[in-house]
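Asker: Here it is: the structure, laid out below.
The values are calculated or read from the model by the stated rules, or taken from the named source; none is laboratory data. In this text, all values refer to a predicted model and were calculated from it rather than measured experimentally. Glycine gets a Cβ as well: all are built from the backbone with ideal geometry, and neighbour counts include every protein chain shown.
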Amino acid sequence: MGEARVLRLGRLSRVVVWRAWRRVAVALLVALLILLASLALGEAALSAPQWLAALRSPGSGAGLILWQLRLPRTLLGALVGAALALSGWLLQQVMRNPLASPDTLGVTAGAATLAVGYLVFLAADVGSAWMPLAAALGALLAVLLVMLAAWRGGTTPLRLVLMGIGLSTLLSAVTTFVLVSSPLTTTLSAYVWLTGSVYGGNWSDVGWLAACFGVALVALMPLVRLALLAPLDDGLAVGIGVRVQWTRTLLILLAAGLAGIAVAWGGAMAFVGLVAPHVARRLLRQPGAAQIAMAIVVGASMTMAADLAGRLLFPPLDLPAGLFVAAIGAPFFLGLMMKQAR
Amino acid sequence: MATLSANRLTLGYQRQAILRELSLELPEGRISVLVGSNGCGKSTLLKALARLLTPWQGQVALEGEDIRQRPTKAVARTLSLLPQHPVAPEGISVRQLVGLGRHPHQSWLAQWSEGDERAVEQALLRTGLDDLSEQRVETLSGGQRQRAWIAMAVAQDTPLMLLDEPTSFLDLTHQMEVLELLVSLNRDAGKTIVMVLHDLNLACRYADHIVAIREGRVHAQGRPQAVITRERVKEIFQLECRVIEDPFFHTPLCIPFGKGAA
Amino acid sequence: MSPRTMLAVAGLAIAVVVSLMAGGHWSSPLQVWHALWSPSPTDVDDLLIRTTRMTRTLVALTVGAGLGVAGGIMQTLTRNPLASPGLLGVNAGALLVVVCLATLGSGLPGWLASGGAFAGAALAALAVWAIAMRPAAPSGPLRLILAGAALSALFHAFSQALLVIDQQGLDAMLFWLAGSVAARPLTQVWPLMLVTLAVLLACWPCLRQWNLLAAGEAVALGAGISVWRLQLISVVCVVLLAGAAVAMAGNIVFIGLIVPHLARRLAGPDHRHWLPLAALLGAALLLVADVMSRTLIPPREVPIGVMTALLGAPVFMALVRRQGGRHG
């Protein structure tokens, strides 16, 4: 265990792998750099002194751009990525399979169905403010349905995944039907949402998402130990005194909640949840709290970088971050599959 | 010390009952071996004893109390289990695997106490894995891997150990190695051991108490000499055989015959 | 012919007749007979039956049969009961190519879109094959399915992304996503139909060999079969069948997954019995779905891809519940 240290203080005891946390710190530094770059770069180019001045006076024109446009949007992206990555990490543990992701359990499909339904049927009357709620609700409902369908005196990862895929296909069909029968403009805005974008994120969005994410993190604290044991066979886990079904249900609900809120504010950025945990595992082989932290940081960096790329690469266009998440994720994912197939 | 017993246990899969009103009391501080032909329900019984399966009727009692009424973590401090084909999480080292056995003794506050560390150290020594402790589990040979799993159960530090075919897929040398290890755990540490074994002769050699299962019921139980006779083996396995005394260990030795012989 | 096969043929015949009758307004069986054998050039009903309904019936028949057989071959090849063109990302791959084509140039002729979808499906099937569909992957059914799901998600993500950049493809995208057996004139789809038919016939000599392959590569090898060649032929069959089906009718899910199960349940595990039955059942099921899609909410239609999902998902989930079993 290399540089593992044990901290003991009365009854309190912890194993801390310093090297792992050092790597997390480095990753965090990189994330901060991306954040700064995201603040510095954009359509309105600012020189370094201008930028510093703007940073100090939030009231000025340039200050407004920084404080009211770029910062909340970047933070929103970071939070969305962090939540998706954490959700993906949890699900890959629980499903005992590195290919599991929030998509697999119908989270994204459920969120998409209700969000698109809201967009088509309700947005004209009540405005689009409640769309995150609809999406989060859809995500949670879908996962509950999947769990219910897979429950037969308990669930198994295989049954959960299959039910998730079945329900996803069904829900996508419903979404498609709604889209086919709605006007083209609505369809298009629905697609932008489906691709995933943090365009126009404001402070209230950031506040809400941060609060939800914070609650989820606190809820995760006592569960980390159990999440680390989740890859064990049911028999082994029961043998060492884990309440398998109870733990699995709790962890899945937590993961679904995380993905739900992320999708609610950031749209369906499918690949963060799949890829970020892999990158984290690549950087830190040993499962543990540090790996979770790493997944969160990597997820946040990925979405921030994707959002930045979307703003910078094709200047007049402000492309949705989800596009670049897919563009980064695809080669990585294909490489992974090739490696696994061997 | 901890007693384990089954009381009129009925259970099965889907709608088919595997065990029918099975009652059994396992002697404390001894090695009990469950034997029987394929599909007779011996593995199912072991799983039920380890609370992996919920009985349809009847109950499993641990220290006289229904095992399902007690918190599963408390049970795990009294009874450890090694399932048939355990799969280790990827990339885990031997020491980490053995450390998993400490889970029932840990809490959110105390995640790695000195007691945990001592127990893991001792389990590694006892199973002769102290040199391999930093190796990854998947790099171990079959026999070493099985010892690692047993070490995990040892680290759990329970008076009762249940093992489902701990010698399957091992060659004769490693079968012996594993069984010798279990015997030493029984003799030196006073652990009650309950296991399923396929090899009747090894079962006879190492068991203090043999439980023969047939069609979901206890067909016979007792000392190997009392249970393993020509007639009994025929009833349990539908197999003609001769039973002689092992010239070295003086336990029953079963010599199977083909259908035409005997 | 066994009684079951005859029953299936009879069911298919009835489905064909009903499909010719069904629509905005229903024609009588007599009218169908009339339109088929002695059409009058002035009768609107006759014209309707002989053109629109006939085309979509034929398309549904070929697509259903093709998907049923393609799914069956995939399941044998991977020895995974959940393999199918839809779940493994073949449909999503075809979709991506079509959207790409639509984004590149707007005024593409129909045959090019058709051919594009065909090529896309074929490419995707090859990709899935290379990555995930390794025969007899040792790691169980879950990996293959997850890989397929992830691959689908990947293709979809790119399709959506392209669409957001350039909205040219929106119509095409929706068409392929929703699936349709009606939108193409016969003049455009007949080459694809021919491909399907030819492949279906070409499967015939392989049936016995698939029986052995289903028992394991080693068994097939031991029986003197060139396993490698058989696998190659099977993949080519799947690619052609799935590609043609997607090119004709877009994203139609669950037929390729469920039909082989039904067929095996009815006709037993011998490929010589169940695979032909799968073709019949696939055709019949897709026809039924099409009739329902036409009649459920008149005057509008439920897209057939949506219809098969609505019908198929519950069946799939029930299957999983019953036998997706304890072996997690």
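Asker: Looking only at residues that are within 12 Å of another protein chain (Cβ to nearest Cβ) and among the charged types (D, E, K, R) in the range A:80-125, which one is nearest to the chain's Cα centre (by Cα)?
Answerer: Ranking the candidates gives A:103 first.
Asker: Would you call residue C:4 among the basic types (Lys, Arg) and buried (at least 23 other Cβ atoms within 10 Å of the Cβ)?
Answerer: no
Asker: Out of the residues in the range B:53-65 that are surrounded by fewer than 19 Cβ atoms within 10 Å (Cβ to Cβ) and under 20 Å from the mean Cα position of the chain (by Cα), state the one that is nearest to the other protein chains (Cβ to nearest Cβ).
Answerer: Among residues in the range B:53-65 that are surrounded by fewer than 19 Cβ atoms within 10 Å (Cβ to Cβ) and under 20 Å from the mean Cα position of the chain (by Cα), the one nearest to the other protein chains (Cβ to nearest Cβ) is B:54.
Asker: Can you name the condition, by its number, that residue A:324 falls short on among (1) closer than 30 Å to residue A:130 by Cβ; (2) in a helix (DSSP H, G or I); (3) touching a residue at least 60 places away in the same chain (Cβ under 8 Å); (4) facing another protein chain (nearest Cβ under 9 Å)?
Answerer: Only one criterion in (1) closer than 30 Å to residue A:130 by Cβ; (2) in a helix (DSSP H, G or I); (3) touching a residue at least 60 places away in the same chain (Cβ under 8 Å); (4) facing another protein chain (nearest Cβ under 9 Å) is unmet by residue A:324, namely (3).
Asker: Here's something else I'd like to know. On the basis of being surrounded by 17 or more Cβ atoms within 10 Å (Cβ to Cβ) and either of a type outside the set (Phe, Trp, Tyr) or within 14 Å of chain A (Cβ to nearest Cβ) (or both), does residue C:194 make the cut?
Answerer: no
Asker: Right, next: May I ask you to say which residue of C:306, C:291, C:302 is under 16 Å from residue C:11 (Cβ atoms) and of a type outside the set (Lys, Arg)?
Answerer: That would be C:291, the only listed residue that is under 16 Å from residue C:11 (Cβ atoms) and of a type outside the set (Lys, Arg).
Asker: Let me ask something additional. Could you figure out which of (1) more than 17 Å from residue A:291 (Cα to Cα); (2) crowded, with 18+ Cβ neighbours inside 10 Å isn't true of residue A:243?
Answerer: If we test residue A:243 against (1) more than 17 Å from residue A:291 (Cα to Cα); (2) crowded, with 18+ Cβ neighbours inside 10 Å, just (2) comes out false.
Asker: Here is a further query. Would it be correct to say that residue A:177 is assigned to a helix (DSSP H, G or I), surrounded by fewer than 22 Cβ atoms within 10 Å (Cβ to Cβ), of a type in the set (Phe, Trp, Tyr) and within 9 Å of another protein chain (Cβ to nearest Cβ)?
Answerer: Taking the combined requirement at face value, the residue satisfies it.
Asker: Let me ask something else about it. Taking the criterion of being among the aliphatic types (A, V, I, L, M) and either surrounded by fewer than 17 Cβ atoms within 10 Å (Cβ to Cβ) or in the same structural domain as residue B:42 (by TED's automatic domain parsing) (or both), would at least one residue in the range B:141-148 satisfy it?
Answerer: No, the range B:141-148 contains no residue that is among the aliphatic types (A, V, I, L, M) and either surrounded by fewer than 17 Cβ atoms within 10 Å (Cβ to Cβ) or in the same structural domain as residue B:42 (by TED's automatic domain parsing) (or both).
Asker: Pick out the one residue from B:179, B:160 that is touching a strand residue (DSSP E or B) at 6+ places or on another chain (Cβ under 8 Å), more than 23 Å from residue A:226 (Cβ to Cβ) and crowded, with 20+ Cβ neighbours inside 10 Å.
Answerer: Among B:179, B:160, only B:160 is touching a strand residue (DSSP E or B) at 6+ places or on another chain (Cβ under 8 Å), more than 23 Å from residue A:226 (Cβ to Cβ) and crowded, with 20+ Cβ neighbours inside 10 Å.
Asker: Residue A:130: over 30 Å from residue A:172 (Cα atoms), away from every other protein chain (no Cβ under 14 Å) and hydrophobic (A, V, I, L, M, F, W, C), yes or no?
Answerer: No: the conditions fail for residue A:130.
Asker: For residue C:213, are the conditions met, namely being touching a residue at least 40 places away in the same chain (Cβ under 8 Å), of a type in the set (A, V, I, L, M) and more than 30 Å from residue C:310 (Cα to Cα)?
Answerer: Considered against the rule, which asks whether it is touching a residue at least 40 places away in the same chain (Cβ under 8 Å), of a type in the set (A, V, I, L, M) and more than 30 Å from residue C:310 (Cα to Cα), residue C:213 comes out as yes.
Asker: While we're looking at this one, here's another question. Could you list, ordered by first residue, the pairs with Cβ atoms under 7 Å in which the first is in the range A:159-170 and part of a helix (DSSP H, G or I) and the second is surrounded by 24 or more Cβ atoms within 10 Å (Cβ to Cβ) and among the aromatic types (Phe, Trp, Tyr), at least 6 apart or interchain?
Answerer: Once the first residue is part of a helix (DSSP H, G or I) and sits in the range A:159-170, its partners that are surrounded by 24 or more Cβ atoms within 10 Å (Cβ to Cβ) and among the aromatic types (Phe, Trp, Tyr) give A:166/C:316.
Matching residues to (1) closer than 14 Å to residue A:233 by Cα; (2) touching a strand residue (DSSP E or B) at 6+ places or on another chain (Cβ under 9 Å); (3) assigned by TED's automatic domain parsing to the domain that holds residue B:169; (4) not in a strand (DSSP E or B):
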position: B:47; (1), (2), (3), (4): yes, yes, yes, yes
position: B:52; (1), (2), (3), (4): yes, yes, yes, yes
position: B:55; (1), (2), (3), (4): no, yes, yes, yes
position: B:59; (1), (2), (3), (4): no, yes, yes, no
position: B:70; (1), (2), (3), (4): no, yes, yes, yes
position: B:74; (1), (2), (3), (4): no, no, yes, yes
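Asker: Right, another one. If you go through the range A:273-304, how many residues are more than 17 Å from residue A:217 (Cβ to Cβ) and assigned to a helix (DSSP H, G or I)?
Answerer: Adding up the residues that qualify gives 11.
Asker: Another question, then. On the given criteria, is residue B:119 assigned to a helix (DSSP H, G or I), modelled with pLDDT of 90 or more and in contact with an Asp or Glu (Cβ under 6 Å, 6 or more places away or on another chain)?
Answerer: It is true that residue B:119 is assigned to a helix (DSSP H, G or I), modelled with pLDDT of 90 or more and in contact with an Asp or Glu (Cβ under 6 Å, 6 or more places away or on another chain).
Asker: Let me ask something additional. Is the range C:243-252 home to any residue that is touching an Asp or Glu at 6+ places or on another chain (Cβ under 8 Å), surrounded by 21 or more Cβ atoms within 10 Å (Cβ to Cβ) and within 14 Å of chain A (Cβ to nearest Cβ)?
Answerer: No, the conditions are met nowhere in the range C:243-252.
Asker: In the list A:64, A:84, which residue meets the criterion of being farther than 30 Å from residue A:290 by Cα and in a helix (DSSP H, G or I)?
Answerer: A:64
Asker: Here is a follow-up. What about residue C:303, is it within 13 Å of chain A (Cβ to nearest Cβ), surrounded by 22 or more Cβ atoms within 10 Å (Cβ to Cβ) and of a type outside the set (Val, Ile, Thr)?
Answerer: Yes.
Asker: Can I ask one more? Those residues that are within 14 Å of chain B (Cβ to nearest Cβ) and surrounded by 19 or more Cβ atoms within 10 Å (Cβ to Cβ), I need them from the range A:9-34; list them, please.
Answerer: A:13, A:17, A:20
Asker: Further, regarding this structure: Might you check whether a residue that is among the basic types (Lys, Arg) and in a helix (DSSP H, G or I) occurs anywhere in the range A:246-254?
Answerer: yes
Asker: Can you pull out every residue in the range B:101-116 that is surrounded by 16 or more Cβ atoms within 10 Å (Cβ to Cβ), in a helix (DSSP H, G or I) and out of contact with any helix residue (DSSP H, G or I) (no Cβ under 6 Å at 6 or more places or on another chain)?
Answerer: B:103, B:105, B:116
Asker: Do the conditions hold for residue C:176, that is, is it out of contact with any Ser or Thr (no Cβ under 8 Å at 6 or more places or on another chain), within 22 Å of residue C:52 (Cβ to Cβ), modelled with pLDDT of 70 or more and surrounded by 24 or more Cβ atoms within 10 Å (Cβ to Cβ)?
Answerer: So residue C:176 passes the test.
Asker: So how many residues does the range A:180-198 have that are assigned to a loop (DSSP other than H, G, I, E, B) and touching a residue at least 24 places away in the same chain (Cβ under 8 Å)?
Answerer: Number satisfying all stated conditions: 4.
One line per residue, one yes/no per condition, for (1) outside any strand (DSSP E or B); (2) in the same structural domain as residue B:41 (by TED's automatic domain parsing); (3) under 24 Å from the mean Cα position of the chain (by Cα):
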{"position": "B:210", "(1), (2), (3)": "no, yes, yes"}
{"position": "B:213", "(1), (2), (3)": "no, yes, yes"}
{"position": "B:218", "(1), (2), (3)": "no, yes, yes"}
{"position": "B:236", "(1), (2), (3)": "yes, no, yes"}
{"position": "B:248", "(1), (2), (3)": "yes, no, no"}
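Asker: Right, something else. Among the listed residues C:137, C:125, C:130, which satisfies the condition of being buried (at least 24 other Cβ atoms within 10 Å of the Cβ) and either at pLDDT 75 or above or aliphatic (A, V, I, L, M) (or both)?
Answerer: After applying the criteria, what remains is C:125.
Asker: Okay, next question. State whether one or more residues within the range A:102-115 are free of Cβ contacts under 8 Å to residues at least 40 places away in the same chain and outside any helix (DSSP H, G or I).
Answerer: No, the range A:102-115 contains no residue that is free of Cβ contacts under 8 Å to residues at least 40 places away in the same chain and outside any helix (DSSP H, G or I).
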